[in-house]
Amino acid sequence: MPTVAFHTLGCKVNQYDAQAMLELFEQAGYTACAFNEKADVYVIMTCTVTGTGDKKSLQAVRRAQRLNPEGNIIIAGCLAQRDGEKLLETTAARLVIGNQGRKNVVELLEDAIHNNQRIASVSDVLRIPFEPLEISAHEGHTRAVLKIQEGCDRYCTYCIIPYVRGGIRSRRPEDIAKEALRLARAGFSELVLTGIHLTSYGRDLEGQTLIDGIRACMQPGIERIRLGSLEPVIVTEEFVRQLKETPVCPQFHLALQSGCDQVLQRMRRRYTTAEFKFACDLLRAAFPGCAITTDVICGFPQETEAEFLQTCEFCKEIGFARMHVFPYSARTGTKAAQMSGQVLKKVREERARRLIAIGNDLSLAYRQKMLGRKVQVLCEEVQDDFCTGYTDTYIPCRFRGGQPGEMAEITVTALTDDGILGELAQA
């Protein structure tokens with residue numbers, strides 16, 4: 001049987017798309033193998049959200065060529081959507097496929113091989129329907145990513161994603177329900193709902209909102225529903241009231257990007273720091289002890305030291321459970337890349353280091369509050385007698401005595417570098 005190996009960079013949407021494409025290859029008779037093995041076909045799911053994403057994507061392409069110079073390489077994902085023809089010219093890829101038409105990936109590859117051609121299959125994604133990719137499994141035994149939304153029309157000044165993922169498209173609730181039930185029957189008890197702009201779910205479907213997408217996942221066997229990144233504007237009293245009626249995990253990722261209102265305006269983010277804090281307060285009132293996590297960009301064009309310090313203080317005020325910090329990366333074609341006052345790279349990186357240190361302190365403070373408490377952990381795997389899994393607030397936990405797929409009640413006894421240790425709670 002021919003073999004296929006995947007290497008996936010970037011977001012959970014890419015993870016879902018990769019799994020869906022892998023299953024298409026398996027249905028066509030291919031056998032999956034590890035990316036570091038010699039394979040007949042290598043698929044690189046690329047990311048272009050930052051310059052680092054571009055670099056890692058191209059490194060993976062070169063690595064695949066070294067692993068098997070006679071193999072066939074497929075470059076997919078956002079960098080492929082952005083630079084399809086260029087990638088065909090500058091790499092050894094047999095097929096470059098963008099963010100549409102992926103259901104035909106096997107046929108496209110085999111036609112290219114049969115006709116001894118190299119193909120760039122990249123089409124416009126600005127005005128297209130939701131592409132009905134499907135999965136029936138996922139890496140791990142207890143948690144699966146389920147994509148319910150695609151595209152974004154926010155056009156933040158720094159972001160390339162609307163250009164490579166297209167406009168808002170939502171998956172119909174009945175299709176979500178079918179896949180959620182299929183995944184539950186396959187043994188997955190936690191679903192991670194994801195999309196490019198999850199907050200916009202349902203805007204293109206009459207009478208539908210994100211709550212409807214969540215409810216569609218409430219199938220027998222699904223114990224947890226975890227949400228991907230949200231915009232703070234979705235967090236209203238009514239939204240929170242309805243959210244409490246679902247088995248949603250009390251971990252909410254609200255993308256901040258900056259804790260300074262002037263920078264938020266230049267970014268074209270559609271909220272203020274006061275609105276962001278109000279959203280956090282609503283969530284904490286409804287879900288005591290919940291984890292609020294975030295993304296922050298350092299060194300956005302024209303960001304002064306004073307503006308950066310406002311971000312530092314605001315992050316401390318909110319008290320995030322975890323922060324993903326990125327130095328600003330200019331993306332050609334975005335408005336921010338054309339702005340005056342570009343911050344020096346060394347300053348961007350230095351600010352990122354300072355904010356990462358603050359994030360580490362906040363994470364430690366959040367986890368210290370868990371000491372002695374009982375938490376629910378969904379066990380994912382057992383190694384060396386230790387079970388590893390995640391709490392409902394997405395804190396990694398290690399303890400003895402669990403089994404994969406089991407929901408265990410744990411008493412937190414100690415902290416690790418980025419998680420917690422625990423013991424099975426006494427009955």
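The values are calculated or read from the model by the stated rules, or taken from the named source; none is laboratory data. As the structure is a computational prediction, the values presented were derived from the model and not from experiment. Methodologically, a virtual Cβ is constructed for each residue, glycine included, from the backbone with ideal geometry; neighbour enumeration extends over all protein chains shown.
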Looking across the stretch 68-88 at residues that are crowded, with 16+ Cβ neighbours inside 10 Å and in a helix (DSSP H, G or I), the single one that is farthest from the chain's Cα centre (by Cα) is L88
Right, R143: under 27 Å from I222 (Cα atoms), surrounded by fewer than 22 Cβ atoms within 10 Å (Cβ to Cβ) and under 17 Å from the mean Cα position of the chain (by Cα) or not? yes
Any chance you could count how many residues in the stretch 209-251 are among the basic types (K, R) and either within 17 Å of K277 (Cα to Cα) or not in a helix (DSSP H, G or I) (or both)? 3
Take the residues of the stretch 89-116 that are within 24 Å of I196 (Cα to Cα) and among the β-branched types (V, I, T): which is surrounded by the fewest Cβ atoms within 10 Å (Cβ to Cβ)? V105
Per-region count, the stretch 254-311, residues over 23 Å from the mean Cα position of the chain (by Cα), buried (at least 20 other Cβ atoms within 10 Å of the Cβ) and either among the aromatic types (F, W, Y) or closer than 18 Å to Y366 by Cα (or both): 1
Which residues, counting only those in the stretch 1-54, are under 18 Å from L133 (Cα atoms) and among the acidic types (D, E)? D17, E23, E26
Residues located in the stretch 129-175, provided they are among the hydrophobic types (A, V, I, L, M, F, W, C) and over 27 Å from T90 (Cβ atoms): F130, L133, I135, A137, A144, V145, L146, I148, C152, C156, I168
Which of the numbered conditions does S123 fail, given that it passes all the others? Conditions: (1) among the hydroxyl-bearing types (S, T, Y); (2) under 23 Å from the mean Cα position of the chain (by Cα); (3) farther than 19 Å from K178 by Cα. (2)
If A352 satisfies all but one of (1) within 23 Å of C78 (Cβ to Cβ); (2) in a loop (DSSP other than H, G, I, E, B); (3) of a type in the set (A, V, I, L, M), what's the number of the condition it fails? (2)
Can you tell me which condition R63 does not meet? The list is (1) in a helix (DSSP H, G or I); (2) of a type in the set (K, R); (3) more than 26 Å from the chain's Cα centre (by Cα), and all the others hold. (3)
Qualifying residue in the stretch 112-120 (condition: assigned to a loop (DSSP other than H, G, I, E, B), over 18 Å from V13 (Cα atoms) and modelled with pLDDT under 95): no
Could you please let me know if T91 is under 24 Å from I160 (Cβ atoms), under 23 Å from the mean Cα position of the chain (by Cα) and at pLDDT 95 or above? no
Mind checking which residues of the stretch 89-103 are closer than 20 Å to E134 by Cα and not in a helix (DSSP H, G or I)? I97, G98, N99, Q100, G101
Hey, does the stretch 320-338 have a residue that's part of a helix (DSSP H, G or I), under 30 Å from D83 (Cα atoms), assigned by TED's automatic domain parsing to the domain that holds A186 and touching a helix residue (DSSP H, G or I) at 6+ places or on another chain (Cβ under 9 Å)? yes
Among the candidates E305, E350, E313, residue that is out of contact with any Lys or Arg (no Cβ under 8 Å at 6 or more places or on another chain), free of Cβ contacts under 8 Å to residues at least 40 places away in the same chain, farther than 18 Å from R266 by Cα and not assigned by TED's automatic domain parsing to the domain that holds D83: E350
Identify, by number, the condition in (1) surrounded by 22 or more Cβ atoms within 10 Å (Cβ to Cβ); (2) within 25 Å of C152 (Cα to Cα); (3) without any contact (Cβ under 8 Å) to a residue 60 or more places away in the chain that K56 doesn't meet. (1)
